[in-house]
Amino acid sequence: MDNLTHSLTGALAAKIIDHSRSSPEASANLRRKIFWLMVLCANLPDIDVIAGFLGDRMFSMQHHRGLTHSLLFAPVFAALPATAFHFIFKLKNFKALWLCSLIGILVHICFDVITPFGTQILAPLSTTRYALDWMFIVDPFFTGILALTMFLQRIATNRSRFIIFAGSALVVAYLAAEIINHHLAYRQVQRALQQQGIEPAPISALPQPLSIFRWKGLAQTDERVLQTFFSIPAREDTLTFENYENAHDDFVGKALRTEEAQWYMRFARHPWIQSSQRGTFQIVEFRDLQFTIDKAILRAVGFPERSTPFVMRFTFLPDGSVREIALDGRAIAH
């Protein structure tokens, strides 16, 4: 999820706590500091982007949404901003500061988990990435609900409590609609595959941008990845799957034996492997089709069609040795 939305979720959580307090007489100065503490903590887990400056692209991807997004590490992580506010602003109730910090961090983690990328919520015990696939990573409608709520409570201070809780109810209703739509989309993909006699594992139903009704279905077999874009509700017999056949030559085998490819295959949910000759070099590419976007949506809003991100490319010399391993065009090994 983008950081603007994370900031707004942290702000809304702070306002809910503020309006639910048993002692509303707390000073405006203290309430303001708590507000900004929670906005900060709702963004703090993304400090892991620093990993991108400390290592190569693969190192960055390995650690993004890792330890800083872990439910197990969150209580320890929350002590850092709580301690900073405790000493910098001379705030006495450390326990309350820690609890608010923890809530902000957990809000961030929860709203990342509902997007498709995957979050290592059990790090460091497990590197498994969990994703509920309810919401596209950037959802302007969801962000708009949050922004409108915060704006209205700011200008209508006499009705701030009502606006905050009404806005929160609308947020919950929007999430409920996404949960229902995801369930419907998943079932439609599953039934369409059954009708065509295909038994893949795994199956994914992934949200597409700018519409909670537009979805992508993906299904994996040993030989290929199947992909379809559709709107719900739709009849299962109208879903047409594109076939992405995996290459299986000797160069693919060599690539798969490397540490880099083995990591990529664990990272990718729906890997597609291509192999082709370019001049004197043999190129093997790994793509995760979960990151493709419906071209019809891109054309409708005037965006250029983009290449799939997170592509790992192996360049082999004629003698079969690896000349270069690159991720998103940046060399990570030679």
Checklist outcome for this item: Only one of (1) assigned to a helix (DSSP H, G or I); (2) at pLDDT 95 or above; (3) of a type in the set (D, E, K, R) does not apply to Arg154, and that is (2)
Checklist entry - Can you pull out the strands (runs of 3 or more DSSP E) entirely within segment 175-279 that have at least 3 residues that are within 30 Å of Gln62 (Cβ to Cβ) and over 26 Å from the mean Cα position of the chain (by Cα)? => result 271-278
Checklist entry - Across segment 187-221, what is the total count of residues that are in contact (Cβ under 8 Å) with a residue 24 or more places away in the chain, farther than 13 Å from Phe136 by Cβ and not polar (S, T, N, Q)? => result 10
Item to check | Whichever residue in segment 305-334 is within 18 Å of Gln282 (Cα to Cα) and among the hydroxyl-bearing types (Ser, Thr, Tyr) and, among such residues, is modelled with the highest pLDDT | outcome: Thr315
Next on the checklist: I'm told Val113 meets every condition in (1) within 23 Å of Thr5 (Cβ to Cβ); (2) out of contact with any Phe, Trp or Tyr (no Cβ under 8 Å at 6 or more places or on another chain); (3) in the same structural domain as Phe59 (by TED's automatic domain parsing); (4) crowded, with 16+ Cβ neighbours inside 10 Å except one. Can you identify the failing condition by its number?
Outcome noted: (2)
Item to check | Matching entry among Leu175, Leu152 (being aliphatic (A, V, I, L, M), in contact (Cβ under 8 Å) with a residue 24 or more places away in the chain and closer than 18 Å to Ser7 by Cα) | outcome: Leu175
Checklist entry - Within segment 1-58, how many residues are buried (at least 20 other Cβ atoms within 10 Å of the Cβ), at pLDDT below 95 and part of a loop (DSSP other than H, G, I, E, B)? => result 1
Item to check | Residue list for segment 107-130, restricted to those being over 11 Å from Thr9 (Cα atoms) and without any contact (Cβ under 8 Å) to a residue 60 or more places away in the chain | outcome: Val113, Phe117, Thr119, Gln120, Ile121, Leu122, Ala123, Pro124, Leu125, Ser126, Thr128, Tyr130
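Of the residues Leu170, Leu206, Leu175, which is surrounded by 14 or more Cβ atoms within 10 Å (Cβ to Cβ) and in contact with a Pro (Cβ under 8 Å, 6 or more places away or on another chain)? Write out each step before concluding.
Working: Leu170 fails: in contact with a Pro (Cβ under 8 Å, 6 or more places away or on another chain); Leu175 fails: in contact with a Pro (Cβ under 8 Å, 6 or more places away or on another chain).
Being surrounded by 14 or more Cβ atoms within 10 Å (Cβ to Cβ) and in contact with a Pro (Cβ under 8 Å, 6 or more places away or on another chain) holds for just one of Leu170, Leu206, Leu175, which is Leu206.
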Checklist entry - Hey, does segment 302-324 have a residue that's free of Cβ contacts under 8 Å to residues at least 12 places away in the same chain, touching a strand residue (DSSP E or B) at 6+ places or on another chain (Cβ under 9 Å) and not small (Gly, Ala, Ser)? => result yes
Checklist outcome for this item: In segment 284-319, anything in contact with a helix residue (DSSP H, G or I) (Cβ under 7 Å, 6 or more places away or on another chain) and closer than 19 Å to Ser204 by Cβ is listed as Phe286, Thr308, Pro309, Phe310
Checklist entry - Only one residue in Thr143, Thr127, Thr119 is modelled with pLDDT under 95 and either out of contact with any His (no Cβ under 8 Å at 6 or more places or on another chain) or under 18 Å from Ala42 (Cα atoms) (or both). Which one? => result Thr127
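Whether any residue in segment 295-302 is outside any helix (DSSP H, G or I) and farther than 26 Å from Met61 by Cα is what I want to check.
Applying the first criterion (outside any helix (DSSP H, G or I)) to segment 295-302 yields 301-302.
Filter once more, so that each one left must be farther than 26 Å from Met61 by Cα: 301-302.
Within segment 295-302 (the criterion being outside any helix (DSSP H, G or I) and farther than 26 Å from Met61 by Cα), the answer is yes, since at least one residue qualifies.
The values are calculated or read from the model by the stated rules, or taken from the named source; none is laboratory data. Quick caveat, the model's predicted, so the values are computed rather than measured. Cβ sites come from the backbone with ideal geometry, for glycine too, and all protein chains shown count toward neighbours.
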